Amino acid sequence: MKCVVFAAGLGTRLRPLTDTTPKPLLEVGGKPILRHTLEALPASVDETIIVTGYKGEAIRAHFADAPSVRFVGQSELLGTYDALMRAHPFLDETPFLALNGDDLYAKADLERLAASEPFAMLAHRVPSPNPYSHLETEAGLLKRIVFQKDAETLPSKEVYVGACLLDARFFGLEPGMTPAGEFGLPHTLEKHLNKIPVRVLESTFWMPIGTPEELATARSRFAS
C-alpha cells in the first residue's frame, strides 16, 4: 500500500518558528513532527509519497535517506485535493492512504483505517467547536461537513483529522471547494456522496499542530 503525506503548507500561525523551519520539521519529543507521522504508518505501507512546497528542500534533505520515500512538489498551494493530484502519477489502482504531515496520529488508528474499505476517513471527538472541519454522520457514514458557526447545533463534535483511505476513483471526481476557496480533499468527498459513500471511523488519538498553543501542548505531552 502507498501513502501520500501532505507537507507543503506555510505554517503561517506558527511564525516566527516557521520563518526558518517548515512546520513538518518542528520538533516534538526530540524528533520532527513528520518523523512521528512516518513512524505511525501501518506496516502495510511500503512506499510513502511526501508532497512538499514551502521550504521543501529542507524536508527533502532531512528525509533523503528514508527508505521507500518519494517526493513530489506542489508549487502553488491550492489545497489538499491539488496536493493529492501532484501524487497521482505515482499511484496505481490499489487503495492508498492520504494524510497530513503536521498532525500526530496513533499507529493503531491508521492501521484500522488502512484495513477498511475505500472510501473512509478518520474523525476525532472534541469537546467544543474549533477551526477544524466538523462532520455530521449517519449510521457511520459521512452526511456533510459543517461550517464552524453551525457546529454547536451538532449532537456530536466529531472533526476530520486529515486522514483518508481512497482509491483511483477519487481522481475522476470534480474537486470541491473549502470555505477558504481552496480545492479540499474532504470537501471533494462530500460533494460526491451520492456516488461514493464515505465511512467515518473514530480515532483514539489525534493532536493537530497548527498554533503555538497546540505545539506547546504536544511538546509537553511527549516530554512526559
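Computed quantities for the displayed model
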{"quantity": "Any hit, the stretch 9-17, residues being among the basic types (Lys, Arg), over 17 Å from residue 71 (Cα atoms) and touching a Ser or Thr at 6+ places or on another chain (Cβ under 9 Å)", "calculated": "yes"}
{"quantity": "So residue 60, is it free of Cβ contacts under 8 Å to residues at least 40 places away in the same chain and farther than 20 Å from residue 190 by Cα", "calculated": "yes"}
{"quantity": "Search result, residues across the stretch 49-79 that are at pLDDT below 85, under 21 Å from residue 176 (Cα atoms) and not small (Gly, Ala, Ser)", "calculated": "76, 77, 78"}
{"quantity": "Residues within the stretch 157-206 that are charged (D, E, K, R), farther than 22 Å from residue 38 by Cα and outside any strand (DSSP E or B), tallied", "calculated": "7"}
{"quantity": "Residue among 107, 31 that alone is at pLDDT 95 or above and surrounded by fewer than 16 Cβ atoms within 10 Å (Cβ to Cβ)", "calculated": "107"}
{"quantity": "Test: residue 77 is surrounded by fewer than 17 Cβ atoms within 10 Å (Cβ to Cβ) and over 19 Å from residue 198 (Cβ atoms)", "calculated": "yes"}
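The values are calculated or read from the model by the stated rules, or taken from the named source; none is laboratory data. Computed from a predicted structure; not experimentally measured. Cβ sites come from the backbone with ideal geometry, for glycine too, and all protein chains shown count toward neighbours.
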